[in-house]
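Undergrad: One structure, pasted below without further comment.
Values quoted throughout were computed directly from the atomic coordinates according to the rules given, and no laboratory measurement underlies them. Bear in mind the structure is a predicted one, so any value in this text is a computation, not a measurement. Note that each Cβ is placed from the backbone with ideal geometry, even for glycine, and that neighbours are counted across all protein chains shown.
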């Protein structure tokens, strides 16, 4: 006699925990990274690279340019993140970008005012999350020094 398997339609369904209902999705209002706080166009990256100042650590390079307009800016600083294929494969690059974005979200007030580009060096692929945070804090410390 064959064992009869129940179909998925007959089995009771368990309520799925969607991201919107998850307690982890409740973010602090200042822990976001909206479009207005990002560099999004190639020309913006090139402007910062051409006219910006440069500071580096072992694993990252920071380029930043103060805002040129006399009018008060809508946002204090805009950030662009670059992780090239020299850093690693797609999984490694995306992890590195995700951790850098996380750092930027939580340290917005410590960022220098203006447009910033954070470039990961190939050695950034070997960092853990805590080491990446320490290196970026050191990078920002060098940037805000007069």
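Undergrad: Please report the projected area of the range 73-125's Cα convex hull averaged over all directions, in nm².
TA: Working: hull surface 14.8 nm².
It is 3.7 nm².
Undergrad: Hey, another quick one. With r as the distance between the Cβ atoms of residue 134 and residue 66 and R0 = 25 Å, compute the FRET efficiency 1/(1 + (r/R0)^6) and round to 0.05.
TA: Numbers: r = 26 Å, r/R0 = 1.04.
Rounded to the nearest 0.05, the efficiency is 0.45.
Undergrad: Applying a 10 Å radius around every beta-carbon, put 99-109, 57-67 in order of their mean neighbour count, most first. Can you show the working numbers first?
TA: Values: 99-109: 16.2, 57-67: 18.3.
In decreasing order of mean packing, 99-109, 57-67 become 57-67, 99-109.
Undergrad: Moving on to the next point. Roughly how compact is the range 35-144, stated as its Cα Rg over 2.2 N^0.38 Å to two decimals? The partial results should precede the final answer.
TA: Working: Rg = 13.4 Å, N = 110, 2.2 N^0.38 = 13.1 Å.
Dividing the Cα radius of gyration by 2.2 N^0.38 Å gives 1.02.
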